[in-house]
Every structure is written in C-alpha cells, then in structure tokens.
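Since every read-out is calculated from the coordinates, none of them should be taken as a lab result. Because the structure is predicted, anything quoted here is derived from the model rather than measured. Quick reminder, even Gly has a Cβ in these numbers, built from the backbone with ideal geometry, and neighbours come from all protein chains shown.
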Amino acid sequence: MKIDAEGHKFKEGTIQEGRVRWKSPSNIALVKYWGKYGEQLPKNPSISFTLDKAHTITQIDYRPKLDDGKLDINFFFEGKPNEAFGQKIEQFLVRQINLIPWVTQLQMTIKSENSFPHSSGIASSASGMSALVMCLLDIESKHKGVEISLAKASYISRLASGSASRSLFPDLAIWGSHNAIKGSSNLYAIPYGEEVNPMFKTFHDDILIISGKEKSVSSTAGHALMNGNIYAENRYMQANQNLMDIIRSMKEGDLEKFGAIVESEALTLHALMMCSTPSYMLMEPHTISVINEIRQYRKESKHPIYFTLDAGPNIHLLYPDNIAEQVSPFIKEVLQPYCVGGKMIYDKVGKGPQKLTHE
Ligand code: PMV
C-alpha cells in the first residue's frame, strides 16, 4: 500500500497520474444499421464514411485513488459540468467494468467538446463515445506498455453506441458480419478501402442543417421499432445485398450505382420509421425540397452529387472532390438558403481518431 502527499492510499503497481487527449470523428453510414439484438449486435451489416470536421475532442486527467470498487468521475461538456452526459458515461463504464476493471482505481476528470454546435441536430454519440474509448485505452496501453488495439476500441465503442464502432478507422469501415467479407464481425468494425477506387476517399460530405431540433425518437427506441416492423426481414436481406453492390460500385468507380444505393438506403431508413408503430416522420418540408433540388440538378448537370440522411432531417451531400468547384455555386445559391440560419458543415472523408497530447 502506498500513500501519496495528500494522504490517499493506493496499491503498488496501480496506474500513475496523467493526461490523455483524443480527437475522434463522426461517421455517416452509406448502408444503414437499423435494428439490433442482444448486447448491441446489428441485425445487418453496415458501411460508413469516416468524417473529419464533425468530431469530438475528449481529455481525461486521472490520478490514483483507493480502489473501493466505485467510480469517481467528474464530467465537463463544453467547459461546464454536465450531469446527464456524466451519468450516461458512468452507466456505460459500470456495464462494461469487466473490460476496463482498472477504472475504479482512478479519479478521472473528463472534458469533452464537439466541433459542431449542440443544436445542429448532428448525433454526437459516434464521435463522443469513440473519443472516450480511445482515451481510456490510451491510459491502459500507457500503463501496460502496449499499443492500442483498434479492434478492441471498436468493440468497446460498439457497446456504448453501435455506430461508434465504425468511427475508429480511416476512410471507410464495415460493421456487421457478411459471409462475403473476410474478417467482418458483429462484435466490432473493420477498416475497409484498400480495393476501393481512390476517388471515394476524396468524397465531400456537406451537411445541410435543415433543423437543429432534438431528435423526436432516440436511436435506442428507433432500433426497437424494427422488432415489430413487418418489413424488417426483407430490409435485412436488402441491406446485405446493398452492401455487396455498393462495394462493387466503389471498386469499379461506378458513381451512378453508388449514388443510387446511398439514396435508396437513406429513404429506406426513413420509410421504415414512417411505417413503424408508432410512426415517426423525421424529415422536414425542407428536407424533401432539397432532395428534389439535388435530383433535378443532377439530371440537368450530369454531376455525380448525391444525398444521404441520418435519423433526422439534415441532408448529407456526397460528391467527389473533382467536381467540388463546379457544384459549389449550386450548393451556395440553391441549397444553402434551405438551411436554418444558412448553417452548413463542410465535411470530408477523414482518417479516424488522432492523439492530441499525452503527458
Ligand atoms: O449507433 P446508434 O445506435 O445511434 O444508431 C445509429 C443508426 C443510424 O445512424 C440511423 C444509421 C447508422 O448506421 O449509422
């Protein structure tokens, strides 16, 4: 037993004090995960672009405390104590205590901030939870003198928020097992992209903020609605097929096929919510106007510019970098006026989590 200057007692070999700081991105699904079972296991495999600008930065300052089996965490979100978020993190750590048993040895101050405004309607669980997990695994790897395993980071992130499992990898990630994809698993995501046409790694994702309102259905409740949905089994089959087809389109550089799948996936996700019991309409009138504008512009200009949606009204505008200049006037003059306060986030495909400082 050791006693520090302030009289705290802790065991020999416990983790020493320090600081870790990580930036981790959000991601946007191209083939969507909607429907789960067991402990955060997906009913179908999904694939996503890792983003860059939409990210969370999390810092943990930690020091040893008496290991009484209890957590001791202070949580600050954007500079202010945030009990609701803090409790969510505590519940998650308690649930997964077997994976990170050493957390009860530490007093931790966790500070987290998002690059995007809280009122932008962008889900922060993927970036937030993956940033937290990278910080935790960094503490552990520093202590044990081993490298962080991204598969383990993805596994633990998945338990916090399914889609967070895909934020750990550069460019593209696949989560969920598919018999034609080697190494794919329901337990964690895997990086994907070696065989993909490099053009897809230059993709822009301009996020058009149609509404900053909170989601009217939590994703937990949304996934649960799939259990009673009469289209569920067909949907899971379709997602498996779409995954195969979108991969082929990316290998072949077939933008038209890629765009058709991405848009169909977005609308299918919303259609499933509309026909659930209870039913949810997550699109706003401006969402539909923007979709129509994009399709009309694409038809006239022949530019490969497509949309996808998350479980909300905001539009993700997807296009390769080589047409960025040509499509910019259309985005600024026609689409931006539909955004609340003209708000947009000009994002791109990104490289995954990044360590910021480590003392
Ligand atoms: O990760 P969750 O449980 O918040 O679910 C997210 C599901 C969608 O964002 C709608 C689709 C996806 O695959 O990211």
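Given a cut-off of under 8 Å on Cα pairs at least six residues apart, what relative contact order in percent is computed for segment 286-335? Spell out each step's value before the answer.
On the way: 36 pairs, mean separation 15.7, N = 50.
Answer for segment 286-335 is 31 percent.
Seen from MET226, the other residues with C-beta closer than 13 Å to its C-beta sum to a net charge of +3, counting Lys and Arg as +1 and Asp and Glu as -1. Counted over segment 201-348 with a bin width of 5 Å, the fraction of Cα pairs per bin, in whole percents, is 2, 9, 18, 20, 19, 16, 11, 5, 1, 0. Let me make sure I get this right: for segment 209-267, a, b and c are the square roots of the gyration tensor eigenvalues over alpha carbons, sorted descending. Under 1.5 in a/c it's rounded, otherwise prolate if a/b > b/c, else oblate. Which is it? In terms of gyration-tensor shape, oblate. Under 30 Å of direct C-alpha separation, and excluding same-chain neighbours fewer than eight residues apart, LYS70 reaches these lysines: LYS2, LYS9, LYS11, LYS23, LYS80, LYS88, LYS111, LYS142, LYS144, LYS152, LYS355. For the chain, the longest principal axis of the alpha carbon atoms and the long axis of helix 285-301 meet at an angle near 60°. Please report the base-10 log of the normalised intensity I(q)/I(0) for the chain, using a Debye sum with one equal scatterer per alpha carbon and no solvent, at each q in 0.06, 0.10 (1/Å). These q points yield log10 I(q)/I(0) values of -0.23, -0.62.
Using a simple spin-label model with pseudo-atoms 7 Å out from Cα toward Cβ, MET244 and LEU356 lie 4.4 nm apart.
What order do you get for MET129, MET226, MET281 when you list them from fewest to most C-beta neighbours inside 10 Å?
Values: MET129 27, MET226 21, MET281 11.
Result, fewest neighbours first: MET281, MET226, MET129.
Against the chain, whose longest principal axis comes from its Cα atoms, helix 255-274 is set at around 70 degrees. Label positions at ASP67 and ILE100, each projected 7 Å from the Cα along the C-beta direction, are separated by 1.6 nm.
Exposure proxy for LEU269, LEU187: other Cβ atoms within 10 Å of each Cβ, ordered fewest to most, give LEU187, LEU269. Please work out, to two decimal places, the log10 of the ratio I(q)/I(0) at q = 0.08, 0.15 Å⁻¹ from a Debye calculation in which every Cα of segment 18-191 carries one identical scatterer. Once normalised to I(0) and log-transformed, intensities are -0.23, -0.82.
Kindly list the residues of segment 232-251 that lie in the label zone of ALA180, defined by a backbone N under 18 Å from the point 7 Å along the Cα-to-C-beta vector. So the set is 234-251.
Among SER165, SER289, SER125, the order by Cβ neighbours within 10 angstrom, fewest to most, reads SER289, SER125, SER165.
Nearest 500 deg cm²/dmol is fine: what mean residue ellipticity at 222 nm does the chain get from its DSSP H runs of n ≥ 4 alone, each adding -39,500 (n - 2.57), divided by its residue count?
Working: 8 runs with 116 residues, N = 359.
Result for the chain, helices only: -10500 deg cm²/dmol.
For segment 119-198, taking Cα atoms only, Rg and Dmax work out to 13.6, 40 Å respectively. The separation of segment 276-321 from segment 187-247, counted between C-alpha centres, amounts to 14 Å.
Which FRET efficiency, nearest 0.05, do GLN296 and GLU39 yield, Cβ-Cβ r, R0 45 Å?
0.50
Taking PHE307, PHE49, PHE330 in turn, the Gaussian network model of the chain (Cα-Cα springs below 10 Å) assigns the largest fluctuation to PHE330. For the pair GLU90 and GLU147, the difference between a 0.36 nm per residue extended length and the Cα-Cα distance amounts to 18.0 nm. Counted over the chain, the DSSP beta bridges are approximately 90% antiparallel.
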